[in-house]
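See below for the structure under consideration.
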Amino acid sequence: MLLGGLGGLYGVTAGPKVLAAPIMPPDLSKCHDAKAPALHDHCCPPYDPSETISEYGFPATPLRVRRPAHLVKDDQEYLDKYKEAVRRMKNLPAEHPWNYYQQANIHCQYCNDAYYQQNTDDVPVQVHFSWIFLPWHRYYLHFYERILGKLIDDDTFTIPFWNWDTKEGMTFPAIFQDASSPLYDPKRDQRHVKDGAILDLKYAYTDNPASDSEIIRENLCFIQKTFKYSLSLAELFMGDPVRAGEKEIQEANGQLEVIHNAAHMWVGEPDGYKEDMGDFSTAARDSVFYCHHSNVDRMWDIYRNLRGNQVEFEDKDWLDSTFLFHDENEQLVKVKIGDCLNPTKLRYTFEQVPLPWLGKINCQKTAETKSKATTELSLTRVGEFGTTPQALDRVIVARPKKNRKKKEKQEKVEVIQIKDIKVTTNETARFDVYVAVPYCDRAGPDYGEFVGSFVRLAPRKKGSDGTEEQGPKKGGKLKPGITPLLEDIDAEDADQLVVTLVLRAGSVTVGGVSIKLLLTDGPASI
């Protein structure tokens, strides 16, 4: 990892809003080849010029309840319905908008650049890496679920959620493992989906050597920190704004999307294009995709509840962003983000289950994790800002203010801002971020405390000669919150912090690291 041009100003507020417009549906007649080599770049749907677009009529059904996947494995009546619904979806005519693979291709179209935004010919519609991620996927699952219910004439049908935020649900769901079932997908990493392997939410194509109990603890701590460190500012959890027509922006997903990415990587095949789950163009071909995203959707619902169900972004460019889907009546309908903030409007909820990560967990380093960090650590002298680009993975960063009072913390959250992250677009990459208090100009015996990750999934593209092609660089940024962490590690009076970036996969360059204070929009603590 190369940290180049490290430095920058210590800002005190978020930047001014850029006057733009909400993301609107693309021209469906102009679908083009996607960046999807696993599908030979083809995932466009059949186009019917006579099809009209209607406003969606939200359902008036009784409230449907989504249940944990590991708790429905013994409910044979439910499983029979689920399998039959998917079987019927797969047996529909290939060009029917409800067909299983047409439904899967929707994800490819909007995640792999098959459409340009309205009135542009070079700005893709992209529903990852921003504040669009959670609401778009909420609607995507909703319509998939409603279509399945329609196919079996059951208005109460729901898809389950992969309850990977609890110990009992951290293994691959058994209901997707039967090779004779329509829920089965052979394109998975068989090392992980069998024999009770524990999902690693920091997975980066190298299996964690830690014990199962340690991986479970690390997973729960990661989830707890994701909520705890981002509760006071929604963009830290959900991603940064993206507005119509913006071309040269640095993509910035929230930390929930980072957790979500690890599960995709862990389930998909370890080699080639990482199909199915490990490649966005093919991910929705595996039925576990919807089960996984059902829990991602649940995480957003929990986050909203912890914040008193306040609107995350009082911004028309978010609330009025509009998407197109085929509904359960075979109508092409348009829907807005502002209408999906509460799942009850879509007439579903989640079964209430324990939230172990919300309680007390020992998230201080164990002897096992300390040993691992010390072994990996090679540099103890810490580089300073203002130097020429160097091959450093640790830097000292000045804080904008120390010993902030309680009211100040309620008004502004302290974040690490990592900018100009460049990753080859056809290469998956990940690095983790750790924070510690320095000893003068030196770091301690380990990385410090984990605060967040940067993950970017992308297919590896093969050239005509079979070798991997190197694609253009794509910019991004990351800004994990650290206000609660500084209290936890008694670092309130520190003038500077050591920030360590640990490369886990891929090739990454970083243009700068700074610490900023951003205005909050939610409660300071859980």
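See the values below:
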| read-out | value |
| --- | --- |
| Label-point gap, in nm, between SER525 and VAL65 - each point 7 angstrom along Cα→Cβ | 3.4 |
| Between 0 and 90°, nearest 10: helix 288-306 axis offset from the chain longest Cα axis | 60 |
| FRET efficiency, ASP420 to LYS247 (Cβ-Cβ, R0 25 Å, nearest 0.05) | 0.95 |
| Share, in percent, of DSSP beta bridges within the chain that are antiparallel, nearest 5 | 80 |
| Surface share of carbon and sulfur [accessible, 1.4 angstrom probe, percent] for the chain | 50 |
| Amide H contacts under 5 Å for ALA505, placed H, 5+ residues apart | ARG430 |
| Ranked by how many other beta carbons lie within 10 Å on average, peptides 230-240, 340-350 from highest | 230-240, 340-350 |
| Förster-model FRET efficiency, 60 Å R0, LYS73 and SER50, C-beta, rounded to 0.05 | 0.85 |
| Segment ASN91-ALA398, length gained on full extension (0.36 nm per residue, minus Cα span) | 104.5 nm |
| Using alpha-carbon coordinates, inclination of helix 133-151 to the longest axis of the chain, degrees | 20 |
| In Hz, Karplus ³J(HN,Hα) per residue of the range 477-486 (6.51, -1.76, 1.60; θ = phi - 60°; x = Gly, Pro) | 8, 9, 8, x, x, 9, 4, x, 4, 4 |
| Environment charge of LYS83, counting only residues whose C-beta is closer than 14 Å and scoring Lys/Arg +1, Asp/Glu -1 | -2 |
| Sequence ranges 174-183, 256-265, ranked by mean other-Cβ count within 10 angstrom, highest first | 256-265, 174-183 |
| Within-14-Å neighbourhood charge of LEU151 [Cβ basis; K, R +1; D, E -1] | -2 |
| Distant-in-sequence amide H partners of VAL437 (H built 1.01 Å from N, under 5 Å) | VAL498 |
| Accessible surface, per residue, of the chain when the full set of protein chains is kept, probe 1.4 Å, Å² | 40 |
| Largest to smallest accessible area among ASP113, ASP153, ASP320 [probe 1.4 Å] | ASP153, ASP320, ASP113 |
| Over 28 Å between alpha carbons, listed pairs LYS247/LYS516; LYS247/LYS402; LYS202/LYS345; LYS194/LYS477 | LYS247/LYS402; LYS202/LYS345; LYS194/LYS477 |
| The chain - percent relative contact order, Cα under 8 Å, separation 6 or more | 24 |
| Net dipole in debye of the chain [+1 Lys, Arg Cβ; -1 Asp, Glu Cβ; about Cα centre; nearest 20] | 1340 |
| Degrees separating the helix 100-111 axis from the principal Cα axis of the chain, which is the longest one | 40 |
| Estimated distance in nm for a label pair at ASP195 and PHE58, the labels positioned 7 Å out from Cα along Cα-to-Cβ | 4.8 |
| Net +/- balance of residues flanking ASP432 in space, Cβ distance below 10 Å, scoring K and R +1, D and E -1 | +3 |
| Dipole of the range 473-526 [Lys/Arg +1, Asp/Glu -1 at C-beta], most positive-end residue of LEU501, PRO523, GLY481 | LEU501 |
| Charge dipole (the range 150-191, unit charges on Cβ, about Cα centre) - positive-most of PHE157, ALA179, GLN190 | GLN190 |
| Point-charge dipole on Cβ atoms (K/R +1, D/E -1) for the range 87-243, about Cα centre, debye to 20 | 160 |
| Charged-residue dipole, Cβ positions (Lys, Arg, Asp, Glu), the range 266-364 about Cα centre, Debye nearest 20 | 520 |
| Cysteines in the chain that, by Cβ-Cβ distance, have no pairing candidate under 4.7 Å | CYS111, CYS291, CYS340, CYS440 |
| Spin-label pair ASP33/THR344, simplified geometry with 7 Å Cα→Cβ offset, distance in nm | 5.0 |
| Additional length obtainable on full extension of the chain from GLN352 to SER181, 0.36 nm per residue less Cα span | 58.8 nm |
| Contour minus Cα-Cα distance for GLU487 and LYS334 (0.36 nm per residue) | 50.5 nm |
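The values are calculated or read from the model by the stated rules, or taken from the named source; none is laboratory data. Just so it is clear, the structure is predicted and the values come from calculations on it, not from any experiment. Cβ sites come from the backbone with ideal geometry, for glycine too, and all protein chains shown count toward neighbours. Just the protein is used for accessible areas: all its heavy atoms, side chains included, with ligands, DNA and RNA removed. Shrake-Rupley method; radii C 1.70, N 1.55, O 1.52, S 1.80 Å.
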